[in-house]
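The values are calculated or read from the model by the stated rules, or taken from the named source; none is laboratory data. Bear in mind the structure is a predicted one, so any value in this text is a computation, not a measurement. Cβ coordinates were reconstructed from backbone atoms using ideal geometry, including for glycine residues, and neighbour counts include every protein chain displayed.
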Amino acid sequence: MTATPRYRIGFDIGGTFTDFILLDAERHDIRLHKCLTTPADPSVGALEGLGEIVAAAGLTLADIGEIVHGTTLVTNALIERKGARLGLITTRGFRDILEMGTEQRYDIYDLFLQYPAPLVPRRRRLEVTERLDRDGEIVTKLNLDDVRAAAKALVDDGVEAIAIGFLHAYRNAVHERAAAEVIRALYPDIAVSLSSEVVAELWEYQRIATTCANAFVQPLMDRYVRRLEHELAQRGFAGALYLMHSAGGLVSPDTARAFPIRLLESGPAGGGLATAFFGHLAGKPDVISFDMGGTTAKACLIENGRAAIAAEMEAARVHRFKKGSGLPVKAPVIDMIEIGAGGGSLASVDEVGLLRVGPHSAGADPGPACYGRGGTQPTVTDANLMLGYYDPGFFLGGRMSLDLPAAERALAGVGGKIGLDAVQTAWGIHRVVTESMAAAARIHIVEKGRDPRAYAMVGFGGAGPAHAAGVARVLGVAELLIPPASGAASALGFLAAPLSFEQVQSHPLRLDAPDAAARIGAVLREVEAETRLRITAAGIAAADVVTERSADMRLFGQLHEINVPLPDGTIDDVAMAAIRAEFARAYAERYTSVYEGVVIQLVSVRIRCRGPIPQLTIAQADVPAGGVAKKGTRQAYFGDGFVETAVYDRYALPQGVEIAGPAIIEERESTTIIAPGDSMMVDATGTMRIRIAVAEPAAARITPATPLPRRGR
Amino acid sequence: MIEADPVSLEIMWARLVTVVEEMWHTIVRTAFSLIVSEAQDFATDLLDPDGESLAHSPRAMPVFNLTVPIAVKALLKKYPAETLKPGDVLITNDPWLCAGHLFDIAVVTPVFRDGRVVALTATVGHVGDIGGTKDSLRAREIYDEGFQIPPMKLYRAGEPNEDLLTLLHTNVRKADEVLGDLHSFVAANQLGADRLLAFMNDYGMHDLRALAAVVQDRSEGAMRDAIRALPDGVYESEVFNNPLGTKLRYPVKITVADDTIEVDFAGAPPQQPQGGLNCTYTYTAAHAVYPLKCILSPQIRSNAGCYRPFTVLAPQGSILNCDKPVAVNLRTRTGWYIAPNIFRALADAAPNQVQAATGLPHAVNIYGRDTAGNVYADHFFMGGGQGACARTDGKSALLYPTSASNTSIELMETRAPVLVMEKNFVTDTGGPGRQRGGLGVRTVLRKLHDDGLPTLFSIYPEGVGIANDGLFGGLHGGGVYGVVRDLDGSIVQDVGTGELVSLDRTDRLVEVQLAGGSGYGDPGGRAPAALADDVADGYVSPEAARTAYRQSAAATLAAD
């Protein structure tokens, strides 16, 4: 990867489709391809699709210099519990930590809360004698006989992988390393994950749970990558294979095998990178992504061309929208949050007589009522159809037709309970979904101390372009970008990713300690050396490695940190002053001013090393033929009744064209709705740039004079 | 008008909840004490100008969101809304007006629009220390229990009340931490106020009264509908506790009449002269209506309307409606028995909506000074086993009826010089039943350093000598105790129902075991495959499978 090859392919295996992008760096264009995912063995469809896209370009896989891949393998394995038979070896006295979790009820009124079962059942959680204290000092020496006995018992029980998680191992890995060495020597075929390597951070439950998740998917990832490499080689591919990790960078197959949990959110990470890239093309370094698909909508904040990285996420939630109902995973991940429903989310009337949308989804079967597969409950897609946003005869580019009367029946059925007709219900669903997504996105944005009005929005995903303008309006966002090729945004994003890796090391210290600067410098050097090795080992020249340093810091005595960038170079008094000032700035931005007399504490340092960022384009080599742009008109509903609305074929819209709303722009994978008052222009990259009219401030509907309605008792 | 628009109402109601949720997050991220930031022993609330609740944070200490309206009304009585100024912040920790003991401080911020108070944002949080004795079971009066803050102003028009802050700082241990937490509450309230005003701007609202009336009425209507679904009747039950080594009996009589419920604690024991076991009426009422909400309308967003159909009666001067100035600090040891009593009473009326008794939680308070003279004082939270219900087993280790989170062992150890030696489930402590209770937990701690300095451990295991039978034939969960052992495992001290243990050497181990949850249904009816799994995982011993569950096959099955 020192010299970027001419041909690169990104491919993303999703739930329904596998998307491919072939980039020709010399001609500076891309080619898109989609094929159906083959769920039984996704590599079958992927290899077939790879063959098809190179053939369409008149190439063979031997011509391809680099293949970048993202996969839902890890996510699915956790959700479906299809990982390795796993054992855990932990400090004596603590084998149940994994099952206790936080012991917190995530919904205070639900007496019957369900929690995800631990990845390791109690019978395979074994204890060994050892103990470190908070400073990493040995209190009780590791008993290696215990380790041998535990490993033997687990292997006899048929485990394929073993997680090792000892208390305070983030501070001193000596016992975990010694245990791993013994196990690897005895059982070289068993995958071993160490908590001190997977995530060297304080908080035993989250660290050990993450280590177990890593071990759980290790054998799976190993087999998968091995087979993929083998099959690609068979087909003549001689270039480099990389995998996308959750934080928006690439790793070598070796690193993916060692830390598969880092790949948990590789698809969405690609989407985040694509958003940043689309924003960059439009000259907008600060954008909000809005990605709405069949079951969920996601949002991500891009600042100065980069997505924020979160240190922790929750996987495999029992309740999709309830924090605390999933497995904690401490691994760097693009900070993308689920903000709500998707096209398939069901509408209903709740106990207090209000219209609710989601969290239940119709899924693919029976799907929305309008799919005509027996669904009788209305979904967001049914509402959009009823409102005239979708053409019943041109869904998915005509591959599917929709049953409008079925949608109308379903809508009228729910609406009837609260006195609304089918159209009012449809408009209600559209508004509730739009508002709730905007509300969730707003929380995410303001939590970071940001004002959404300063951002542009990038909308994509199957249902995204139909809802993005509404969400943008509620957030006060003035410009919405609907990029071309948005149907394969994640695959495109993979090609924008540099090789990168991040490591964290907890090392709590007060900034007012006399040796603080020296100690920070020493930890940084140590972690940086390890992290750089991951990049140079993958073929990046040492001179091309870029290092970013940051620290998780807090006021001394607090329990939660904020991440603050650290200056480059030697940590001296000047650097320490800069660190303090940067913390104070970041803290004030999010919460409140740092008041006098408090001490700042550094808890963990983070090192992110990356290689060069590849060049990318969205000029399409195989853009569908032009033709007539305006396809006709149809009636569409925008709150004040149905209006005659022009319908356009996106592929036929020339650059520079301007269209005033109301208008509907159709393409194969999605439909863009431009409301009255909004207007759209196609820019030189083929991106539709939509100017969002300012929302009318809602009438002063509720004043002291408004009569108080009372229910009869 | 708004009542006729269920779509707008849903949207606006959801926005109110996001305001309190943001306040909640602000506190988690900025507070200083383990008990607030990690265990999350606090709640945030949004109230209308009359002090009625509009919305509370989805994660909230249940008692707090029910007592905060009472505290706010008391504050407004002393400082009527029209006398308040922008920048004012009100405060109290009066147990009779707030959450029942002095640790729980209410901080309340009026929200102004067009020069009028349109709402109040409020936080109630359990600070790490409030002064007074560490030996709460010996306390006789509120004066023994710490620093009292009657309804006062914490800020006057934006200026901190330095006199109050100075007094507070002087009267509590780890004062910087306590004041840091208060600072965090004030910041969260202010953030909530800002967000609320932005919301009102977006909707062109000058006032929240109409919206408040509608959301409260909607919740009330849904609650009344749910009550009507219960068969009318009088339902009775009783439970016992044993906080001072003598069993106390708590009868309860629940009258369901059409769309109302009356909970009557007539016959409750008299208030106790010592031990801080007494509940103020506000605390009792909160613990009485909270389980009813869980049974009847768990999905409905909570606000004042939900609770209008309920009446709670408790005899004046009883342990459930105590008089000032009796001691109240350990009132959870009484109040936490109210929910299982109500579940038991209503079991026949709503068998699928109730839960067998849960093993009660404990927070070991660890306190001392290290060799450098620095004070450490933190709460180590842990839960017992959850009670089973009609459909599912109880979870092993769950904090209930609080909404707190447990304390990370590693984090605890970085803050206090102790070593946790064990924290694990205990086999056979889950109450047998067709659905099994969750397992109880044993925790063992010692001092880290042999420095000869005393470390205080407050060990008050709840439920010693009490066996809460399960429901419909389910049995009680196992064994609660607290002891101090030497390295050979011999018991040096049995703390009985509670002692403040002082250790100055590392060869003494404090050991606390919390109860498992009670079972639901006849243990003989437990699915053999589930029981075989229980045995294989060591939740149930082979002997117990044979005796308590009367299923020897399952024990054998697991051995295969």
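On the given criteria, is A:THR140 more than 30 Å from B:ARG391 (Cβ to Cβ) and within 14 Å of chain B (Cβ to nearest Cβ)? So A:THR140 fits the description; yes. Checked against the criterion of being in contact with a His (Cβ under 7 Å, 6 or more places away or on another chain), surrounded by 15 or more Cβ atoms within 10 Å (Cβ to Cβ) and either more than 9 Å from chain A (Cβ to nearest Cβ) or under 30 Å from A:ARG442 (Cα atoms) (or both), the candidates B:LEU179, B:LEU230 yield just one match: B:LEU179. Restricting attention to segment B:379-390 and to residues that are more than 8 Å from every other protein chain (Cβ to nearest Cβ) and out of contact with any Asp or Glu (no Cβ under 9 Å at 6 or more places or on another chain), the residue that is surrounded by the fewest Cβ atoms within 10 Å (Cβ to Cβ) turns out to be B:ALA390. For segment A:559-590, a tally of residues being within 13 Å of chain B (Cβ to nearest Cβ) and free of Cβ contacts under 8 Å to residues at least 12 places away in the same chain returns 3.
Restricted to segment B:391-401, and to residues there that are at pLDDT 95 or above and facing chain A (nearest Cβ under 9 Å), the residue that is surrounded by the fewest Cβ atoms within 10 Å (Cβ to Cβ) is B:LYS395.
The set of residues in segment B:56-107 that are assigned to a strand (DSSP E or B), under 20 Å from B:ALA285 (Cβ atoms) and not β-branched (Val, Ile, Thr) comprises B:HIS56, B:ASP104, B:ALA106.
In segment B:241-272, the qualifying residues are those that are in contact with a Gly (Cβ under 8 Å, 6 or more places away or on another chain) and in a loop (DSSP other than H, G, I, E, B), and the one that is surrounded by the fewest Cβ atoms within 10 Å (Cβ to Cβ) is B:GLY245. Scanning segment A:550-565 for any residue that is of a type in the set (D, E, K, R), surrounded by 18 or more Cβ atoms within 10 Å (Cβ to Cβ) and assigned to a strand (DSSP E or B) turns up at least one such residue. Starting from residues that are out of contact with any Lys or Arg (no Cβ under 6 Å at 6 or more places or on another chain) and under 21 Å from A:GLN424 (Cβ atoms), keep the ones in segment A:352-361 and report whichever is farthest from the other protein chains (Cβ to nearest Cβ). Result: A:GLY358. Note on segment A:476-493: residues that are out of contact with any strand residue (DSSP E or B) (no Cβ under 7 Å at 6 or more places or on another chain) and crowded, with 24+ Cβ neighbours inside 10 Å total 1. Return yes when B:THR443 is free of Cβ contacts under 8 Å to residues at least 40 places away in the same chain, closer than 28 Å to B:THR133 by Cβ and not charged (D, E, K, R) and no when it is not. No, not satisfied. Residue count for segment A:421-450 satisfying the condition of being part of a loop (DSSP other than H, G, I, E, B) and touching a residue at least 12 places away in the same chain (Cβ under 8 Å): 3.
Within segment B:507-552, being in contact with a Lys or Arg (Cβ under 6 Å, 6 or more places away or on another chain), among the hydrophobic types (A, V, I, L, M, F, W, C) and under 25 Å from A:LEU154 (Cα atoms) holds for one residue alone: B:ALA536. The criterion of at least 2 residues that are over 27 Å from the mean Cα position of the chain (by Cα) is met, among strands (runs of 3 or more DSSP E) falling completely within segment A:24-121, by A:86-91. Given the options B:VAL263, B:VAL239, name the one that is among the aliphatic types (A, V, I, L, M) and either in contact with an Asp or Glu (Cβ under 6 Å, 6 or more places away or on another chain) or farther than 30 Å from B:GLU499 by Cβ (or both). Result of the check over B:VAL263, B:VAL239: B:VAL263.
Among the residues of segment B:177-221, those that are within 19 Å of B:THR123 (Cβ to Cβ) and among the charged types (D, E, K, R) comprise B:GLU177, B:ASP181, B:ASP194, B:ARG195. Every test in (1) touching a residue at least 40 places away in the same chain (Cβ under 8 Å); (2) small (Gly, Ala, Ser); (3) more than 8 Å from every other protein chain (Cβ to nearest Cβ) is passed by B:ALA372 save one, and that test is (1).
The set of residues in segment B:402-442 being in a loop (DSSP other than H, G, I, E, B), closer than 16 Å to B:VAL36 by Cα and facing chain A (nearest Cβ under 9 Å) consists of B:THR402, B:SER403, B:ALA404, B:SER405, B:ASN406, B:SER408.
Each row is one residue, and each column tells you yes or no for (1) assigned to a strand (DSSP E or B); (2) within 11 Å of another protein chain (Cβ to nearest Cβ).
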site	(1), (2)
B:ARG333	no, no
B:ALA339	no, yes
B:THR358	no, yes
B:ASN365	yes, no
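When B:TYR460 is tested against the conditions (1) out of contact with any Pro (no Cβ under 7 Å at 6 or more places or on another chain); (2) modelled with pLDDT of 95 or more; (3) of a type in the set (Ser, Thr, Tyr), the lone failure is (2). Might you check whether a residue that is buried (at least 17 other Cβ atoms within 10 Å of the Cβ), among the acidic types (Asp, Glu) and within 14 Å of chain B (Cβ to nearest Cβ) occurs anywhere in segment A:49-68? There is no residue in segment A:49-68 that is buried (at least 17 other Cβ atoms within 10 Å of the Cβ), among the acidic types (Asp, Glu) and within 14 Å of chain B (Cβ to nearest Cβ). Which of the residues belonging to segment A:534-555 are modelled with pLDDT of 90 or more, more than 26 Å from the chain's Cα centre (by Cα) and within 20 Å of A:GLU197 (Cβ to Cβ)? A:THR536 - this is the single residue of segment A:534-555 that is modelled with pLDDT of 90 or more, more than 26 Å from the chain's Cα centre (by Cα) and within 20 Å of A:GLU197 (Cβ to Cβ). Of all residues in segment A:350-381, those satisfying the criterion of being over 27 Å from the mean Cα position of the chain (by Cα) and in a helix (DSSP H, G or I) are A:ALA369, A:CYS370, A:TYR371. Looking only at residues in segment B:273-299 that are surrounded by fewer than 22 Cβ atoms within 10 Å (Cβ to Cβ) and not in a helix (DSSP H, G or I), the one that is nearest to the other protein chains (Cβ to nearest Cβ) is B:PRO298. Identify the residue in segment B:119-135 that is surrounded by fewer than 24 Cβ atoms within 10 Å (Cβ to Cβ) and among the β-branched types (Val, Ile, Thr) and, among all such residues, is nearest to the chain's Cα centre (by Cα). My answer is B:ILE130. Filtered by the rule that a residue be within 17 Å of B:ARG116 (Cβ to Cβ), hydrophobic (A, V, I, L, M, F, W, C) and more than 7 Å from chain A (Cβ to nearest Cβ), segment B:194-218 gives B:LEU196, B:LEU197, B:PHE199, B:MET200, B:LEU208, B:ALA212.
Applying the criterion of at least 2 residues that are touching a residue at least 40 places away in the same chain (Cβ under 8 Å) to the strands (runs of 3 or more DSSP E) found wholly in segment A:122-221 leaves A:161-165. Taking the criterion of being under 30 Å from A:TYR587 (Cα atoms) and either within 14 Å of another protein chain (Cβ to nearest Cβ) or surrounded by fewer than 23 Cβ atoms within 10 Å (Cβ to Cβ) (or both), would at least one residue in segment B:63-74 satisfy it? Yes, segment B:63-74 contains a residue that is under 30 Å from A:TYR587 (Cα atoms) and either within 14 Å of another protein chain (Cβ to nearest Cβ) or surrounded by fewer than 23 Cβ atoms within 10 Å (Cβ to Cβ) (or both).
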